[in-house]
Amino acid sequence: MSDVSILKEPWPRLDVQRDGSLFGLWVFLASELLFFGALFLTYAVCRIQNPEGFLLAARETNVVFGALNTAILMTSSLTIAVASYAAAEGDKALRPVMMRCFAITVMLAVAFLVVKGFEYAEDIEKHLVPGPDFALEERGAELFFALYWTITGVHGIHLLIGIGLIVRLWLLARMNQLTLEKNPEVEAATLYWHLVDIVWIFVFPLLYLSGRAL
Amino acid sequence: MTGDAYREELRHGNGLRHVFRRNAAIWAAMLALLLLSLGIAYVPLGAMNTPIALCIAMVMAGLVAGMFMELSGSRWLRGFTAFSGVVFVLVMFGLTLADVLTREGGWTGLAPIAP
């Protein structure tokens, strides 16, 4: 397929299209920063008001699962960065590398969700779900876990969306319905993926590392 | 053609191997920072534990944004957009904490309920 199929209205040239798409993507990512920022701010306010409760509650999260998931997501950022490079180079010889790296990225993200599933199951068994059966009595512990479920849940939904984006690109390329080489859609999906990684990089210390030194 | 310094550099080098090595080095640095933050979390540093963990997180995020997301060396408008997102998050934090931290009853007091 030629470059013509990638160039879309209203862009006059590919490089201008790339600049425009990346700028637009970054405006969206800035809005996502505010979205998660609001969640982190809620965490900050509740923690300021309930310091002991938060630290004691944070000890109940599974730091092994959390650290493992952080490493998994970081590795997926590595593989998607390589895939994005392979796409940008436009060299057909790099296509197997690109497709394989996209596949590994998705598999790592699924692994993240599987670990999360085990973690959620353990949390439910330990009665760490806010409600009448909540296990901890300190003021603020239930608030911590309300935030834990909300933040990790919303992050998981974002990860699912990212998986959907990459799977779509992979399938369309597989069926030769979309040229991934030099396609701004690939860079856009990659940037979104890195943002999901960045969000988790901040989630990890706030939800998993707090209170460990008590 | 692309106008981005990093992409231009790749064109002249041994592309794929260079990209693997560069990105793997960044990944290794992030893994080291992850292990560091894990280790420090168990050292009793009082109130400093969380700020230190967040600083390490900021370095890791900076590596992802600057290197994986190719903000460093790219056109200024993208970096400016990312920066303005951060600025608005700081404004949000600043305005909210200006309320919460100056409430009567102190930080840990619950807000008084109006009669």
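Looking across the range A:169-214 at every residue that is hydrophobic (A, V, I, L, M, F, W, C) and either in a loop (DSSP other than H, G, I, E, B) or in contact with a strand residue (DSSP E or B) (Cβ under 9 Å, 6 or more places away or on another chain) (or both), the one that is farthest from A:I6 (Cα to Cα) is identified as A:L214. Looking across the range B:34-44, the residues that are facing chain A (nearest Cβ under 9 Å) and in a helix (DSSP H, G or I) come down to B:L34, B:L35, B:S37, B:L38, B:I40, B:A41. Can you confirm whether the range A:192-211 contains a residue that is within 25 Å of B:N49 (Cα to Cα), of a type in the set (G, A, S) and touching a residue at least 24 places away in the same chain (Cβ under 8 Å)? Checked against the condition, which is being within 25 Å of B:N49 (Cα to Cα), of a type in the set (G, A, S) and touching a residue at least 24 places away in the same chain (Cβ under 8 Å), the range A:192-211 yields at least one hit. For the range B:60-90, a residue qualifies if it is more than 7 Å from chain A (Cβ to nearest Cβ), outside any helix (DSSP H, G or I) and over 19 Å from A:F36 (Cβ atoms), and the qualifying residues are B:E70, B:S72, B:G73, B:S74. Checked against the criterion of being among the hydrophobic types (A, V, I, L, M, F, W, C) and either closer than 13 Å to B:W27 by Cβ or within 12 Å of chain B (Cβ to nearest Cβ) (or both), the candidates A:V114, A:V106, A:V110, A:V97 yield just one match: A:V97. If only residues of the range B:91-112 that are at pLDDT 85 or above and in a loop (DSSP other than H, G, I, E, B) are counted, the one that is surrounded by the most Cβ atoms within 10 Å (Cβ to Cβ) is B:L101.
Rundown of residues vs (1) within 24 Å of B:I56 (Cβ to Cβ); (2) at the interface with chain B (Cβ under 10 Å from one of its Cβ atoms); (3) modelled with pLDDT under 95, yes/no style:
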site	(1), (2), (3)
A:L78	yes, yes, yes
A:A93	no, yes, yes
A:E122	no, no, no
A:F144	yes, no, no
A:L147	yes, no, no
A:L159	yes, no, no
A:G164	no, no, no
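Output the number of the condition that B:A47 fails; it satisfies all remaining conditions of (1) modelled with pLDDT under 90; (2) within 22 Å of B:R22 (Cβ to Cβ); (3) part of a helix (DSSP H, G or I); (4) aliphatic (A, V, I, L, M). Of the numbered conditions (1) modelled with pLDDT under 90; (2) within 22 Å of B:R22 (Cβ to Cβ); (3) part of a helix (DSSP H, G or I); (4) aliphatic (A, V, I, L, M), the odd one out for B:A47 is (2).
The values are calculated or read from the model by the stated rules, or taken from the named source; none is laboratory data. As the structure is a prediction and not an experimental result, all values here were calculated from the model. Note that we place each Cβ from the backbone using ideal geometry, even for glycine, and neighbour counts take in every protein chain shown.
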